[in-house]
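A short worksheet on the structure shown next.
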Amino acid sequence: AVSVFSSLIAAESFNYKKFFEMVGLKKKSPEDVKKVFHILDKDQSGFIEEEELKFVLKGFTPEGRDLSDKETKALLAAGDKDGDGKIGAD
């Protein structure tokens, strides 16, 4: 599992769908997902902004790297349902 995780976080290989499936977010309760959200929402604004999203992998593992700008923008676009440039808890 460690080698699979390493391949997901290697430079320019981040696939957010595979990553979130691997860390089990799809199987978590809404309460558990909100807990993860609050960990990633470093400034506790109620939103995960692009600058916070860039460091998402570090929220899951100390070995995590920063996402590239391209990876960050792709992940933000996937989670930003209302197009306001940030991801809300809902």
query: Applying the selection to the range 63-75, what residues are in contact (Cβ under 8 Å) with a residue 24 or more places away in the chain, open to solvent by 20 Å² or more (accessible area, probe 1.4 Å) and assigned to a helix (DSSP H, G or I)?
result: LYS70, ALA74
- prompt: Does PHE60 satisfy the condition of being surrounded by 11 or more Cβ atoms within 10 Å (Cβ to Cβ), modelled with pLDDT under 90, out of contact with any helix residue (DSSP H, G or I) (no Cβ under 6 Å at 6 or more places or on another chain) and of a type in the set (A, V, I, L, M, F, W, C)?
  reply: yes
message: With the structure loaded, tell me whether ILE39 is open to solvent by 80 Å² or more (accessible area, probe 1.4 Å), in contact (Cβ under 8 Å) with a residue 12 or more places away in the chain and either among the hydrophobic types (A, V, I, L, M, F, W, C) or over 21 Å from SER13 (Cβ atoms) (or both) or whether it fails that test.
response: yes
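So that you can scan it fast, the table gives a plain yes or no per residue for (1) in a helix (DSSP H, G or I); (2) modelled with pLDDT of 80 or more; (3) closer than 17 Å to ALA78 by Cα:
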| residue | (1), (2), (3) |
| --- | --- |
| PHE5 | yes, no, no |
| SER13 | no, no, yes |
| LYS18 | yes, yes, yes |
| GLU21 | yes, yes, yes |
| ASP32 | yes, yes, no |
| PHE37 | yes, yes, yes |
| ASP43 | no, yes, no |
| ILE48 | no, yes, yes |
| GLU51 | yes, yes, yes |
- prompt: What single numbered condition from (1) modelled with pLDDT of 90 or more; (2) of a type in the set (Asp, Glu); (3) not in a helix (DSSP H, G or I) fails to hold for ASP90?
  reply: (1)
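The values are calculated or read from the model by the stated rules, or taken from the named source; none is laboratory data. Nothing here was measured: the structure is a model prediction, and the numbers come from that model. Cβ: placed from backbone, ideal geometry, glycine included. Neighbour counts: every protein chain shown. Ligands, DNA and RNA are stripped out before the accessible areas are found, and what is left, the full protein with its side chains, is counted by its heavy atoms. Shrake-Rupley method; radii C 1.70, N 1.55, O 1.52, S 1.80 Å.
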